[in-house]
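What follows is a single structure, written as C-alpha cells, with notes after it.
The values are calculated or read from the model by the stated rules, or taken from the named source; none is laboratory data. Worth saying up front: this structure is predicted, and the values here are computed from it rather than measured. With ideal geometry, Cβ positions are generated from the backbone for all residues, glycine too; neighbour counts draw on all protein chains shown. The area values use the complete protein model at the heavy-atom level, side chains included, leaving out ligands, DNA and RNA. Shrake-Rupley method; radii C 1.70, N 1.55, O 1.52, S 1.80 Å.
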Amino acid sequence: MIFNILAAAGDAAPQASFGFMEAMEQGGVIAWSIFTILVIMSVGSFYILFTKLFEQRKVMSQYAGVRSNFWKAASLKEGAAKLDKNSAWRQLVDDALAAEDQHAKMTDTLESHDYMHGSLRRSEDSINAVLAGGLPFLASVGATAPFIGLLGTVIGIYRALINIGLAGSASIDKVAGPVGEALIMTAIGLLVAVPAVFAYNWLQGRNKRIAEMLSAFSTDLLANINSNGAVKPAVPAAAAKPAATTAAAPKR
C-alpha cells in the first residue's frame, strides 16, 4: 500500500525541464545577447576562413602557370599577356614594367636597381595586405570569445546565488537554470574561439608561403629587367610522354 502511495506521489510531482532553451529563457535578454554576439563572431570567422582559403588557393594555382608559361615568352610584356589580368603575378609584372618606364624619364642619378627594388617591394606589400585582410578579425575572435562566454558564465553564477539567497536553500530547481546557462556560455565561447585561432594560424602560415613566392618572383623580374632579358629562371621541363607502342623485336 505504501509503495502505491509513493508511486502516485512521484507521478504527480511536477517535471522540470533543464534544456538549452529553458536555460537561455531564464537568462533573459542578457543571455540571448551574448549568445547572438558569439554566433555572429563564429559566422564571421568561418566566412573569412573560406574566402581567404579561396584567395590563397587561386594565387598558388596561378603560380604554377607563371613558372611554366610566363618565362617562355620572349619579353615581359608578352609574358604578361599570358597571365590573368586580376592576378597578383600580373600586378607584379605590370608594376615592374611601369617602374622601368618611369625610371627612364628621371634626370637624377638614382640607380635603376634601387628604384625597381623599391617599386616591386611596394607591390608585394599591397598584395600581402589584401591577403592578410580579415585575419585580425580571426585573431580578435580567438582572443575575446572566451571572455565573452565568461561574461555569460559570471552572470549565470550571479543569478544562481541570487536564487539561493531568495529561496534560503540551494535546491536544484533554483540553481539548475542559471548554472546551466553559465556552463553553456563557457562552452559556446570556447567553440567559437578555438576554430578562429586554428584558422588564423593556418592562413597566416599559407600567407607566409605566398609572400616567399612573391619575393622570389620579384627577384627574377628584377634580374631579368636589369640584364635586358638575358637572365631568366630555369623553366621546369614537361613530363615525358610514355611510348605509345613497344618496338617490335627484329626478325631473324
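For the range 89-110, does any single residue satisfy the condition of being within 17 Å of Thr219 (Cα to Cα), over 32 Å from the mean Cα position of the chain (by Cα), among the acidic types (Asp, Glu) and not in a helix (DSSP H, G or I)?
No, that holds for no residue.
Taking the condition open to solvent by less than 30 Å² (accessible area, probe 1.4 Å), small (Gly, Ala, Ser) and modelled with pLDDT under 65, does Ala199 pass?
Answer is no for this residue.
Look at Asp125 and say whether it is without any contact (Cβ under 8 Å) to a residue 24 or more places away in the chain and in a loop (DSSP other than H, G, I, E, B).
no
Let me confirm something: among Val194, Val175, Val154, which residue is in a helix (DSSP H, G or I) and at pLDDT 90 or above?
The unique qualifying residue is Val194.
Does Ser119 fit the bill of being assigned to a helix (DSSP H, G or I), hydroxyl-bearing (Ser, Thr, Tyr) and closer than 27 Å to Ala234 by Cα?
So Ser119 passes the test.
Filter the range 116-138 down to the residues that are surrounded by 15 or more Cβ atoms within 10 Å (Cβ to Cβ), modelled with pLDDT of 90 or more and aliphatic (A, V, I, L, M) and list them by number.
Selection gives Ile127, Leu131, Leu135, Leu138.
Restricting the first residue to the range 179-208 and requiring it to be within 30 Å of Ser61 (Cα to Cα), which pairs with a second residue that is of a type in the set (Ser, Thr, Tyr) and crowded, with 23+ Cβ neighbours inside 10 Å meet a Cβ separation below 7 Å and a spacing of at least six or different chains?
Pro195/Ser45; Ala196/Ser45; Ala199/Ser45
Filtering the range 36-59 down to residues that are open to solvent by 50 Å² or more (accessible area, probe 1.4 Å) and in contact with a helix residue (DSSP H, G or I) (Cβ under 7 Å, 6 or more places away or on another chain), which residue is farthest from Gly189 (Cα to Cα)?
Glu55
What are the pairs with Cβ atoms under 6 angstrom where one residue, in the range 87-98, is touching a residue at least 60 places away in the same chain (Cβ under 8 Å) and the other, located anywhere, is of a type in the set (Val, Ile, Thr) and assigned to a helix (DSSP H, G or I)? Sequence gap at least six, or different chains.
Going by the 6 Å Cβ cut-off, the qualifying pairs are Ala88/Val59; Ala88/Ile127; Trp89/Val66.
For residues that are part of a helix (DSSP H, G or I) and β-branched (Val, Ile, Thr), scanning just the range 202-231, find the one that is surrounded by the fewest Cβ atoms within 10 Å (Cβ to Cβ).
The selected residue is Thr219.
Of the conditions (1) open to solvent by less than 20 Å² (accessible area, probe 1.4 Å); (2) within 32 Å of the chain's Cα centre (by Cα); (3) without any contact (Cβ under 8 Å) to a residue 12 or more places away in the chain, Ala73 satisfies every one except a single condition; which number is it?
Ala73 satisfies every listed condition except (2).
Pairs under 8 Å by beta carbon, first residue in contact (Cβ under 8 Å) with a residue 40 or more places away in the chain and within 18 Å of Val197 (Cα to Cα) in the range 49-60, partner open to solvent by 100 Å² or more (accessible area, probe 1.4 Å) and among the charged types (D, E, K, R), six or more apart or different chains?
Note: no pairs meet the criteria.
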